[in-house]
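Remarks on the structure that follows.
The values are calculated or read from the model by the stated rules, or taken from the named source; none is laboratory data. Values in this document were obtained by computation on a predicted structure and should not be read as measured data. Heads up, the Cβs are rebuilt from the backbone with ideal geometry, glycines too, and the neighbour counts pull from every protein chain shown. For accessibility, only protein heavy atoms count, side chains too; no ligands or nucleic acids. Shrake-Rupley method; radii C 1.70, N 1.55, O 1.52, S 1.80 Å.
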Amino acid sequence: MTGAATKILTVFEEVIGIPLPVRVRCWDGSEAGPPDAAARVHFRNRRALRRVLYSPNELGLARAYVSGDLDVDGDIFALLDVPDLVTRLGENRLSALPLRSLVRAAGTFAGLGAVGPPPSPPSIEMRRKRGKRHSKSRDSATVSHHYDVGNRFYEMFLGPSMVYSCGYWPEGVESLEAAQYAKLDLICRKLDLKPGMRLLDVGCGWGSMALHAAQNYGVDVVGVSLSNEQVEYAKGRVADAGLADRIEIRVQDYRDVDDGPYDAISSIGMSEHVGLANLPRYTAKLFDLLVPQGRLLNHAIAAVKSLSDNVDDGRSFIDRYIFPDGEILPLSKTIDALELSGFETRDSEALREHYALTLRAWVQNLRENWDASVLQVGAPRVRTWLLYLAASALGFEEPHRLTIHQVLAVKPGDRGASGMARSRSSWYRSIEVPQIETGPRVD
């Protein structure tokens, strides 16, 4: 009698449409697939199949993994790096299957006891969003869902830098902490920060950019975030550094900032939360907050492919678990909005490979602190983050899926004066990275 593992593997290969170099193990002890496969999947119970049956795409498999009904034994990169797997899981391929194949798949699942009511999604899944998309109240709720899960958890995989965005890894930089220092310093150089300037840091996170700019460039900083936990943490770091007179951290929506003008604005990993519909309002607001010849550095993930006509319908793993309402826009959309608002785009630097390195470093930190992380936020959330970080790393390693750009724009002054130097040489002089504590801060 054929075991459950062989039947499951056969169905998945037919649905996905490619051979799977995966070893499958099931609740009945059966195994199938190449014995030496680096990717190993363990279906712990029949409920895992029901999750996939009711959501036959990436969301169903993610729910099975997050809930613990399905396990990935060994290296999760080996599973996610199966050619075309992530792309195909994002598609509803059942609709393209012949009726005969659908009947066969349904019969196999029924014979394995997978027929029954749909299992409840894991409790950490965000399903019901209230209010208009990207309204202030809804943005506040979605940001809280992502960030207000415990600063201690973020410490464990971000490390001492507490920077949750792509690092910068020039030659000679080998640690995550050094890469984040180098990234913050590069942004300060592009903004041409000088003592006495005012910097607005939109989406200030845990305060790392504000601290770096004040300590190393002598500027006064206002940082705003919608996350209460981030703001409290950042305020503590500012107080510990003795910079409360130079740095102000607020719980505030960027749309409510009204104390300009600022000499420079940094927006690091924040505009992904703005949304296409609100992008013109975002760029116009930042334009209005700047002095003439003031600079904006917008550091954001970008989509490689053109946008579809419809906004994400909310059925993806990313929308339900990681970035509710997040919108990854093509670079062209961001530049269009900047220039229509009056900005002059002066530079755009792609850092795709840098983000892949950063994400792999975060995965390593999370693995090394797995048990402590589970104690902090529970196994479902830690599983969610491992899946997200690993899949994202692979997404940035491929040239046609995701990228990230630092876009530098200036608000022209009188007669179009930009105040910009004639070359980029000052941005890329050797970065003196100080001795930095490495590794996650774990007590």
For segment 323-338, pairs from a residue that is at negative phi to a residue that is at pLDDT below 90, with Cβ under 6 Å and 6 or more apart or across chains, are P324/M126; P324/T142; P324/H145
In this structure, does M209 turn out to be open to solvent by less than 10 Å² (accessible area, probe 1.4 Å), of a type outside the set (S, T, Y), touching a helix residue (DSSP H, G or I) at 6+ places or on another chain (Cβ under 8 Å) and on the phi > 0 side of the Ramachandran plot? no
Looking across segment 1-38 at residues that are of a type in the set (D, E, K, R) and assigned to a loop (DSSP other than H, G, I, E, B), the single one that is least open to solvent (accessible area, probe 1.4 Å) is D28
Selection over segment 141-166 where residues are open to solvent by 30 Å² or more (accessible area, probe 1.4 Å), at pLDDT below 80 and either assigned to a helix (DSSP H, G or I) or not acidic (D, E) (or both) yields a count of 3
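Matching residues to (1) small (G, A, S); (2) touching a residue at least 12 places away in the same chain (Cβ under 8 Å):
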site	(1), (2)
R381	no, yes
T384	no, yes
F396	no, yes
R401	no, yes
A409	yes, yes
S425	yes, no
E432	no, no
By residue number, the members of segment 128-140 that are part of a loop (DSSP other than H, G, I, E, B) and in contact (Cβ under 8 Å) with a residue 12 or more places away in the chain are K129, R133, H134
Residues in segment 405-432 that are open to solvent by less than 30 Å² (accessible area, probe 1.4 Å) and among the hydrophobic types (A, V, I, L, M, F, W, C) total 5
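One line per residue, one yes/no per condition, for (1) of a type in the set (A, V, I, L, M); (2) at pLDDT below 90; (3) part of a strand (DSSP E or B):
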residue: I318; (1), (2), (3): yes, yes, no
residue: G326; (1), (2), (3): no, yes, no
residue: L338; (1), (2), (3): yes, no, no
residue: G342; (1), (2), (3): no, no, no
residue: L357; (1), (2), (3): yes, no, no
When restricted to P280, P261, P195, the only residue farther than 24 Å from I404 by Cβ, out of contact with any Asp or Glu (no Cβ under 7 Å at 6 or more places or on another chain) and touching a residue at least 60 places away in the same chain (Cβ under 8 Å) is P261
Within segment 116-139, of all residues that are modelled with pLDDT under 80 and open to solvent by 30 Å² or more (accessible area, probe 1.4 Å), the one nearest to Y282 (Cα to Cα) is G131
Per the filter on segment 348-404, residues surrounded by fewer than 20 Cβ atoms within 10 Å (Cβ to Cβ) and in contact with a His (Cβ under 9 Å, 6 or more places away or on another chain) are S348, E349, A350
| query | Does segment 50-63 contain at least one residue that is open to solvent by less than 30 Å² (accessible area, probe 1.4 Å) and more than 14 Å from A114 (Cα to Cα)? | reply | yes
For segment 66-93, pairs from a residue that is at pLDDT 80 or above to a residue that is in a loop (DSSP other than H, G, I, E, B) and polar (S, T, N, Q), with Cβ under 6 Å and 6 or more apart or across chains, are D69/N45
Flagged in segment 194-203 as within 24 Å of the chain's Cα centre (by Cα) and open to solvent by 10 Å² or more (accessible area, probe 1.4 Å), in numbering order, are G203
Going through segment 154-187 in order, the residues found to be among the polar types (S, T, N, Q) and under 19 Å from L296 (Cα atoms) are S165
Checked T345, T283 against criteria (open to solvent by 10 Å² or more (accessible area, probe 1.4 Å), under 24 Å from R189 (Cα atoms) and not basic (K, R)); the one match is T345
Practice problem: Please indicate, with yes or no, whether at least one residue in segment 54-61 is in contact with a Pro (Cβ under 7 Å, 6 or more places away or on another chain), assigned to a helix (DSSP H, G or I) and at pLDDT 85 or above. | Solution: no
Test result for I301, in a strand (DSSP E or B), open to solvent by 30 Å² or more (accessible area, probe 1.4 Å), farther than 24 Å from S426 by Cβ and modelled with pLDDT of 95 or more:
yes
Taking segment 214-238 and keeping residues of a type in the set (D, E, K, R) and either crowded, with 17+ Cβ neighbours inside 10 Å or modelled with pLDDT under 95 (or both) leaves D220, E229, K235, R237
Reported set for segment 204-232 where residues are among the hydrophobic types (A, V, I, L, M, F, W, C) and closer than 20 Å to K190 by Cβ is C204, M209, A210, L211, A213, A214, V219, V221, V222
